[in-house]
Structures are given as structure tokens and as C-alpha cells.
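J.: Right, I'll just put the structure down here and ask away after.
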Amino acid sequence: MNDNLKISKIKKLSSLIKNASYTVVFTGAGMSSESGIPPFRGAQGLWNYYDPIEASSIEGFYNNPNVFWAFIRDLLKKGEVKPHLGHFVLAELEAAGFIKTVITQNIDLLHQEAGSKNVLPIHGSLEKATCLDCGDSVLWSSLFPEVMEQIPVCKKCSSAFVKPDIVFFGEALPQKLLATSVAEAQKADLFIVIGSSLEVYPAAQIPYLAKQSNASLVLLNLESTALDRIFDLCIYGRCGENLTRLKQVLSEGEKF
Ligand code: NAD
Ligand code: ZN
């Protein structure tokens, strides 16, 4: 996409945001890639190194939790990942009243770390972990940073099956969060998808639901997706760069 076209599209997005009364953002793994978190698929994808069932299914976890924890350490680069400028722009837009909610498929807590308040992590998040044997629930911050070196053991019952509250293969999405996300999408008059291939269901249905409720749909993604045709505006490229440009355009002539 040439630079002039991109700028004109970002200006269009800026005016959509200014004129919208309820903007909801929906993010996927691509949102975190500029923070250094590898995707699952593609040339650098983690599924080239891990078997998804061994690393990220409930059966695999019971079979050997070490594989899951090695996978999480790779995903989080041993805990060194930080939000990038794009995460901060979204948090600033929320604080300024331009964004109501961020629905995210990401488990990495980077939106929350950047300051976004109303975040709906539909695939769960690393915020808490639960012992699968005794049910004790602990904060991720109480496991971190030790968990980057060794697998956590339950303080109450010594079980090795302390599982973060994220959705594994073979598990249902948290129904309340999903219902709230659907309600937010249906309330939106502007719905912005960032960094998602829109191939993982049922999450990928959410933009459809926003569209059915007459929201304008905008895509910010590195490349085209299978669902580009349902979007009113597609802006390709790195989301961190495009969100930084969006902030510049939005704040031209006025402080937002
Ligand atoms: P996906 O991997 O299927 O698609 C990511 C999309 O992001 C791709 O279309 C890619 O072109 C795009 N992308 C890559 N870099 C980008 C960038 N810098 N800017 C903009 N777009 C960029 O991701 P998905 O749709 O979220 O589905 C993957 C599943 O894996 C989800 O269920 C998610 O929960 C999980 N996941 C989470 C994390 C995380 O928590 N950070 C990381 C990997 C996977
Ligand atoms: Zn326990």
C-alpha cells in the first residue's frame, strides 16, 4: 500500500473515530507481534516448534505441564515482552473517550499493561492461575518471575498442575466474557479489528455481529485476511506504525 493511500485511509479512520459514538476494538496475535511475541502460524510460528495438542490442550497439560510452560516462556520471551506504541495509543484513545472497549484474543496482558481499562480477554489471560487439583486461585504476579525458570507448584497442595486461566484447545470460551463481547460488538457503531487473521472461531464471528448491527468495520492488519470483503476500510501494514500515525492525525490541531 503506497504511503499517500495509507495516509488518506488513516485520515478516514480518524474521522470515523471522531464521529462514532461507540467504538470497539478487537485484537489478535498480530497486535502483539511488534512486541516480539511470535505468532502461532507461519514461518516463525510457534507451531513449528511445538505440537499444539502437547503444548496447549488440556490433555497435553495433564500429560506433561512442562511442555506448556516451555511454550509460554517462548511466547513471552522469558517475560521480557513489553507493550509497544500501538498498545499505548489504544489506551490513550480509551482514556480520551474515543474507545469504549478492547476485545482481545491475546492472553499476554499487554493491553492492560499499557493502561487499557476495559479489556475483554475472550481467550482468557495470564492474570490468574488455578490449581487443577485443589482449585486454589493465584495471581500471575505471584508466580512471576520464578515461572520463567521452573514450573509452578501449588502452595496449598503441591500439585504441579497450576494452569493459567486461559482457554486451552478442548475448552469452551468463558461464556460470560463471550456474551459481554457480543453485546459490546452489537452496541458498536465503529468496530476496529487489529492483527487478526479472523480464522479462529467463535471469536472471528464477533466482527460479523458488529456488521449485522450496522457498525462500520475497519481492519488494521499486516496483510489481507479471508474476511476483508466485510470491511468498509482496510489499512494494511504494521499496526504499531499505523496506530502511531492515527494518533498524530487525530491530534492534529487539537489535543485528544
Ligand atoms: P493469527 O496468528 O491467526 O493472525 C495474526 C494476524 O496478524 C495475521 O493475519 C498477520 O498478518 C497479522 N499481523 C502480524 N503482524 C502484524 C503487525 N505487526 N501488525 C498488524 N497485523 C499483523 O492471530 P489470531 O487471529 O489472534 O488467532 C490466533 C490465536 O492464537 C488466537 O486464539 C490467540 O488467542 C492466540 N495467540 C495469542 C497470542 C498472544 O497472546 N499474544 C500470540 C499468538 C497466538
Ligand atoms: Zn492445589
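The values are calculated or read from the model by the stated rules, or taken from the named source; none is laboratory data. Here the structure is a predicted model, which means the values were calculated and not measured. FYI the Cβ positions are ideal-geometry reconstructions off the backbone, even for glycines, and counts take in every protein chain you see. Areas reflect the complete protein model, heavy atoms only, side chains present, ligands, DNA and RNA absent. Shrake-Rupley method; radii C 1.70, N 1.55, O 1.52, S 1.80 Å.
J.: Yes or no: SER141 within 16 Å of ligand 2 (Cβ to nearest atom) and either part of a helix (DSSP H, G or I) or farther than 25 Å from GLY36 by Cβ (or both)?
T.: no
J.: Check off (1) in a loop (DSSP other than H, G, I, E, B); (2) surrounded by fewer than 19 Cβ atoms within 10 Å (Cβ to Cβ); (3) not basic (Lys, Arg) for ASN106 and give me the number that stays unchecked.
T.: (2)
J.: Right, next: Mind listing just one residue for me: the one in the stretch 122-138 that is open to solvent by less than 20 Å² (accessible area, probe 1.4 Å) and closer than 30 Å to ALA185 by Cβ and, of those, nearest to ligand 2 (Cβ to nearest atom)?
T.: Per the stated criteria, the residue is ALA129.
J.: A further question follows. Looking only at the stretch 189-204, decide whether some residue is of a type outside the set (Val, Ile, Thr), assigned to a helix (DSSP H, G or I) and free of Cβ contacts under 8 Å to residues at least 24 places away in the same chain.
T.: Within the stretch 189-204, none of the residues are of a type outside the set (Val, Ile, Thr), assigned to a helix (DSSP H, G or I) and free of Cβ contacts under 8 Å to residues at least 24 places away in the same chain.
J.: Please go through the stretch 201-222 and pick out each residue that is open to solvent by 50 Å² or more (accessible area, probe 1.4 Å) and under 16 Å from SER33 (Cβ atoms).
T.: The one that is open to solvent by 50 Å² or more (accessible area, probe 1.4 Å) and under 16 Å from SER33 (Cβ atoms): LEU222.
J.: Further question on the same structure: Scan the stretch 146-171 residue by residue and report those that are open to solvent by 80 Å² or more (accessible area, probe 1.4 Å) and either of a type outside the set (Gly, Ala, Ser) or more than 16 Å from ligand 2 (Cβ to nearest atom) (or both).
T.: The answer is GLU146, GLU149, GLN150, LYS155, LYS156, PHE169.
J.: Just a yes or no: is a residue in the stretch 76-96 over 29 Å from GLN205 (Cα atoms), within 13 Å of ligand 1 (Cβ to nearest atom) and outside any loop (DSSP other than H, G, I, E, B)?
T.: Yes, because at least one residue in the stretch 76-96 is over 29 Å from GLN205 (Cα atoms), within 13 Å of ligand 1 (Cβ to nearest atom) and outside any loop (DSSP other than H, G, I, E, B).
J.: Out of THR225, THR244, which single residue is open to solvent by less than 50 Å² (accessible area, probe 1.4 Å), at pLDDT below 95, hydroxyl-bearing (Ser, Thr, Tyr) and more than 30 Å from CYS131 (Cα to Cα)?
T.: Unique residue meeting the criteria: THR225.
J.: Shifting gears a bit: Does TYR22 meet the test of being of a type outside the set (Asp, Glu) and in contact (Cβ under 8 Å) with a residue 60 or more places away in the chain?
T.: yes
J.: Go through ASN66, ASN48 for me and flag whichever is among the polar types (S, T, N, Q), free of Cβ contacts under 8 Å to residues at least 40 places away in the same chain and open to solvent by 60 Å² or more (accessible area, probe 1.4 Å).
T.: ASN48
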